[in-house]
Amino acid sequence: MDGAADALVSIDDGALVVDGSGRIVFCGAFDELPEDHESWTVVDHRPGYIFPGFIDTHVHFPQTFIGDAYGGGQLLEWLNACIFPSESQFEDPEFAAAAAVAFCDRRIAAGTTQAMVFGSAFPQAQDALFEETRRRGLRVVSGRGVQTTGPESAARLITSEEDAVRLVSEEIEKWHGADTGDVDTALLHVAVVPRFSLAVTTETLKNLGELYDSVRDRGVYFHSHLNENDRPGTGEVATTKEMYQVDSYLDTYDGKFLPGSKVGGKSFLGKRSILAHAVHCQDVELARMAETGTSISHCPTSQQFLGSGTMPWKRTVASGVTVAIGSDYGGGDEFLLTRVLGDAFKVHISEAGDDGISLHPAELLFTGTLAGARALDMENRIGNFDDGKEADFVVVDPQAWPPLHGLIEKGVRSPDPDLARDQTLFALLMAMREPAITEVYVQGRRIDVA
């Protein structure tokens with residue numbers, strides 16, 4: 001995060017050159033193009049802006065149709081009243097297939113070219129997600145949401161211990177790198193995804209840990225929730241620590257899920273592991289995530305929606321953990337990551353006392369792009385416009401969204417060119433809406449809404 005402002009580059013009349021393999025071979029001023037560029041195929045996006053594709057590190061596929069759901073309470077009440085019943089609908093293959101189309105449409109409209117997707121409990125729904133994602137040419141990392149225990153409202157989502165491991169293993173074999181056969185070039189990747197510690201048992205954690213340990217070197221991911229809601233006595237964090245009798249919530253994912261935080265199995269932590277929320281972390285948990293290269297998906301929109309609290313920005317970033325952005329749609333009610341970044345700005349400037357921070361627009365952009373690539377261990381492939389990277393980008397045309405156009409054309413700008421640049425970027429991030437995202441590209445190929 002440090003140095004984002006210094007690393008920000010804005011080119012007023014720029015050119016992005018993509019070769020036939022979908023890789024960036026030039027990013028710079030248009031008048032610095034090679035002399036033979038007139039023979040190339042040229043797409044003129046002026047007076048629009050080109051941004052790296054947005055990367056969502058936490059979004060729920062089986063909650064596609066349940067955003068803005070009222071559950072009469074915070075996280076655990078909302079899960080029981082709204083989410084578990086809604087996710088159970090994905091048992092129907094036709095319903096799941098329709099949801100996969102809608103989910104991909106929402107992603108494309110929002111310019112989300114890569115996403116860590118919390119998947120459905122049902123294999124047929126996951127098949128629909130991967131198939132539709134491949135058909136549309138998007139990127140995805142996803143895994144079926146594993147539950148082996150829970151309330152009656154989640155009964156249809158719960159599997160046996162044996163089936164939990166079998167179904168995850170089958171998903172890995174079927175879909176991990178399935179589009180190219182090589183995880184280093186693939187758009188499709190699989191993650192091991194226990195829903196959260198309260199939705200599984202120590203046996204599940206042990207068995208999934210053994211499975212993950214056996215496939216970690218194949219580039220399989222790990223994803224779950226951490227320290228989201230800490231309402232005194234009955235919140236997720238307190239309930240988890242009481243149920244497992246552990247020193248910290250993170251211990252349950254670190255193989256230390258037996259009473260007293262004794263080791264009971266393999267750790268899930270590592271450079272391809274992303275934990276969503278991390279609102280109420282102890283310092284020792286942040287230090288352990290930094291030590292292992294585990295990343296945080298910061299979800300400010302859903303944290304407001306569910307009253308979960310505020311992830312302390314300064315303390316979390318100072319720990320050295322990579323912090324990327326997550327929409328957490330359906331806990332959040334926004335697919336568009338710039339709206340989520342706007343919530344991050346508002347939340348953190350409002351933190352109490354010295355904890356408050358006015359995030360630089362470059363930090364916001366970094367959190368929604370390159371930080372996500374870093375969290376996904378794909379920084380060598382995507383996240384910015386460095387030469388050799390794969391050309392994932394979105395075209396933003398302010399004229400397609402009049403409120404944004406007015407801010408860009410008529411807003412006051414500083415005489416200082418760097419500050420003026422920052423003011424323009426901030427306006428673009430804060431006021432952007434889906435209609436302004438007029439084109440979306442993955443590996444240099446234009447992706448359209450169905």
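Read the figures in this text as sums done on the coordinates, not as results from a lab. Predicted, not measured: the structure shown is a model, and the values here were computed from it. Glycine gets a Cβ as well: all are built from the backbone with ideal geometry, and neighbour counts include every protein chain shown.
How many angstrom lie between the C-alpha centres of region 370-434 and region 10-42?
The two parts, judged by their Cα centres, are 18 Å apart.
Work through the residues other than residue 150 whose Cβ is under 12 Å from its Cβ and net out their charges, Lys, Arg +1 and Asp, Glu -1. Write out the running numbers ahead of the final one.
Working: positive: 156, 195; negative: 87, 152.
Its environment carries a net charge of 0.
Running a GNM on the chain with Cα contacts under 10 Å, which residue among 239, 294, 57 ends up with the highest mean-square fluctuation?
Among 239, 294, 57, the largest GNM mean-square fluctuation belongs to 239.
Return P(r) of region 140-293 (all Cα-Cα pairs; 5 Å bins starting at 0; whole %; ordered from short to long distances).
Here the calculated profile for region 140-293 is 2, 10, 18, 22, 21, 14, 8, 3, 1, 0.
Among all stretches of the chain without exposed trypsin sites (Lys or Arg not before Pro) (DSSP loop, at most 16 other Cβ atoms within 10 Å), which one is longest? Don't skip to the answer; put the middle values down first.
Working: sites that count: 271, 413, 433.
Longest run free of exposed loop sites: 1-270.
Taking 26 Å as the cut-off for C-alpha to C-alpha distance, list the pairs among 174/266; 346/389; 174/256 that go past it. Walk me through the intermediate numbers first.
Values: 174/266 24 Å; 346/389 32 Å; 174/256 30 Å.
Exceeds cut-off: 346/389; 174/256.
Specify the longest stretch of the chain that does not include any exposed loop site, a site being one of the chymotrypsin sites (Phe, Trp or Tyr not before Pro) with a non-H, G, I, E, B DSSP assignment and at most 13 other Cβ atoms within 10 Å. Numbers along the way, then the final one.
Working: sites that count: 40, 70.
No qualifying site falls inside 71-450, the longest such stretch.
So what are the ³J(HN,Hα) numbers for region 127-138, from phi and the Karplus equation (6.51, -1.76, 1.60; θ = phi - 60°), rounded to whole Hz, Gly and Pro as x?
4, 4, 4, 5, 5, 5, 4, 5, 4, 7, x, 8
Per-residue ellipticity at 222 nm for the chain, helices alone: DSSP H runs ≥ 4 residues times -39500 (n - 2.57), over residue total, nearest 500 deg cm²/dmol? Spell out each step's value before the answer.
Values: 16 runs with 155 residues, N = 450.
So the helix-based figure for the chain works out to -10000 deg cm²/dmol.
Between residue 134 and residue 271, what length comes free when the chain is fully extended (0.36 nm per residue of separation minus the Cα-Cα distance, one decimal in nm)? Can you show the working numbers first?
Numbers: separation 137, 0.36 × 137 = 49.32 nm, distance 2.49 nm.
Full extension of this stretch gives 46.8 nm more.
Taking each pair of different alpha-carbon atoms in region 184-239 once, compute 1/r for the pair, average those values, and report the inverse of that mean as the Kirkwood hydrodynamic radius in Å to one decimal.
On the way: mean 1/r = 0.0767 Å⁻¹.
About 13.0 Å, per the Kirkwood formula over Cα pairs.
Starting from the 7 Å offset along Cα-to-Cβ, what nm value, one decimal, do you get for the label separation of residue 68 and residue 23?
A separation of 4.4 nm, rounded to one decimal place.
Working from the pairwise distances between different alpha carbons, so that the mean of 1/r is found and then inverted, what is region 340-450's Kirkwood radius in Å?
Evaluated on region 340-450, it is 15.8 Å.
Among DSSP bridges having both ends in the chain, what percentage is antiparallel? Round to the nearest 5.
Numbers: 18 of 46 bridges.
Restricted to the chain, the bridges split so that about 40 percent are antiparallel.
Along its principal axes, what span do the Cα atoms of the chain show, with the longest given first and each in whole Å?
66, 51, 38
Can you compute 3J(HN,Hα) from phi for each residue in region 249-265, using the Karplus curve 6.51 cos²θ - 1.76 cosθ + 1.60 with θ = phi - 60°, rounded to whole Hz and x for Gly and Pro?
4, 4, 4, 5, 8, 9, x, 10, 9, 8, x, x, 6, 7, 5, x, x
Please list, in order along region 91-102, the HN-Hα scalar couplings obtained from phi with the Karplus expression 6.51 cos²θ - 1.76 cosθ + 1.60 (θ = phi - 60°), rounded to whole Hz, x for Gly and Pro.
Per residue, the Karplus-derived 3J(HN,Hα) values read 5, 7, x, 5, 4, 5, 5, 5, 5, 4, 5, 5 Hz.
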